[in-house]
Every structure is written in C-alpha cells, then in structure tokens.
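Report on one structure; see the data block that follows.
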Amino acid sequence: MEPNMRKIMVMVTVLFLAITIVGCARERESISGPKPEGLTIGIDPRDLNVWNDADFSLAVWVDLVTELFGASFELCYDSTKIEADSAAVGDFLGTDVIFFDHYEPGVVSIAVTRKAGAGGVDGYGTLALVHFHAADTGTTTVEFAPDVALIKEDGAPVDSLDFLDKWSASIRIH
C-alpha cells in the first residue's frame, strides 16, 4: 500500500472511531443524566439547538408509572418560533391504541389510550413523538400545560399523580 493511501486509511479509521465514540457517549449521557425520583412526564431532548427553517421531533415520555392505561396532555410553546405539524404515537402503550392529536397556534393536544381489557403498563416509555418546524430565530420552551391526565384502566388517576414532575424542553433556533 502506498504511504498516502495508508495515511488516508488511518485518518478514515480514526474519524470512524471518533464518530462512534461520540455517538456512544451521547447515548450514555441521556441514559445516565438526571433520573426521575418519582412519577415524571418529560420531553426529550431537554435542550436542543436547531437551524431556522429546520424540522425536528421531540419525544414525550413517562417514567416510574404503574398501571398506565391512557394519557392526555397539552404541549405549549411560542408559535412565532416553532410550529407543531404532526405527531405519532410512541411505543410505550403498545400498538393497539387509540391516538388523538390536535393543533392550535402555540398548543398541541395529545391523547392516547389502550383499548378496553388491555390493562395498564408499568415503567418507562415514549407516549408520543411530536414533529416541529423552526419558524424564526430565538429561544422557546416546550412545556406541559398544568392539566396532565395519566389514568388506569378503571379511569382513576395513576398512583402519585398529585406529585407528577414535568420536564420541559428548551429549543434554541439559530
């Protein structure tokens, strides 16, 4: 192998390893970041930088929940900075669910529920993925409206709902 070709191969290998290591470190960072201490609903990523006119998605998740059968919530944001244009159901409640999404300037409303007889689920998972478009430079917070409903199959609130912790997201548009 020629010396120049060897240099190129070494540089490509180093670049590949650097990308792989950085990618793994980011994955571990989100896993090993602050952990909820009680029932929590949150948005991931919690801190995001995007370019103006770019599209991006935020995941809405719940953690340390028991017997979750359905959820309903509203996400609020500055509609002069970002616009929500679609949402998809997450995988936490399963695939046989009823999903509803509604959009108004500055608010996206989402409801998702399992079907009767399916029972509730426990643990951590994604409830929905919300797709946004960056409309103008600046900063906005995507946060939950005060009324978040997390219910069991019998319609009662899940345990610890009175102590629900809500994690918002900060979006910076460049």
Practice prompt. Go through the stretch 142-156 and count every residue that is over 17 Å from the mean Cα position of the chain (by Cα) and in a loop (DSSP other than H, G, I, E, B).
Written response: 7
Discussion item. Any residue that is of a type in the set (A, V, I, L, M, F, W, C), in contact with a helix residue (DSSP H, G or I) (Cβ under 8 Å, 6 or more places away or on another chain), farther than 15 Å from S168 by Cβ and assigned to a loop (DSSP other than H, G, I, E, B) - is there at least one of those in the stretch 33-43?
Written reply: yes
Discussion item. Yes or no: the stretch 157-168 includes at least one residue that is among the polar types (S, T, N, Q), touching a residue at least 24 places away in the same chain (Cβ under 8 Å), assigned by TED's automatic domain parsing to the domain that holds E83 and part of a loop (DSSP other than H, G, I, E, B).
Written reply: yes
Worksheet, complete the sentence: By residue number, the members of the stretch 35-89 that are of a type in the set (G, A, S) and either outside the structural domain of K152 (by TED's automatic domain parsing) or under 26 Å from G119 (Cβ atoms) (or both) are G38, G42, A59, G70, A71, S72, A87, A88
Practice prompt. Give the residue, chosen from V108, V121, that is in contact with a His (Cβ under 8 Å, 6 or more places away or on another chain), modelled with pLDDT of 95 or more and surrounded by 15 or more Cβ atoms within 10 Å (Cβ to Cβ).
Written response: V108
Discussion item. Pull out all pairs, ordered by first then second residue, where Cβ-Cβ is under 8 Å, the residues are six or more apart or on different chains, the first lies in the stretch 90-106 and is assigned by TED's automatic domain parsing to the domain that holds T80 and under 14 Å from H131 (Cβ atoms), and the second is surrounded by 11 or more Cβ atoms within 10 Å (Cβ to Cβ) and among the hydroxyl-bearing types (S, T, Y).
Written reply: G90/T126; D101/S86; D101/S109; Y103/S109
Worksheet entry | Hits in the stretch 140-156 (condition: over 15 Å from G42 (Cα atoms) and surrounded by 12 or more Cβ atoms within 10 Å (Cβ to Cβ)) | T140, I151, K152, E153
Worksheet item: Applying the selection to the stretch 130-139, what residues are surrounded by fewer than 17 Cβ atoms within 10 Å (Cβ to Cβ) and part of a strand (DSSP E or B)?
Response: H131, H133, G138, T139
Practice prompt. Would you mention how many residues in the stretch 84-105 are surrounded by 18 or more Cβ atoms within 10 Å (Cβ to Cβ) and under 30 Å from D53 (Cα atoms)?
Written response: 4
Worksheet entry | Residues of the stretch 47-72 satisfying the condition of being farther than 22 Å from A88 by Cβ and assigned to a strand (DSSP E or B) | D47, N49, L64, T66, E67
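The values are calculated or read from the model by the stated rules, or taken from the named source; none is laboratory data. Computed from a prediction, not measured in an experiment: that's the story for all the values here. Cβ coordinates were reconstructed from backbone atoms using ideal geometry, including for glycine residues, and neighbour counts include every protein chain displayed.
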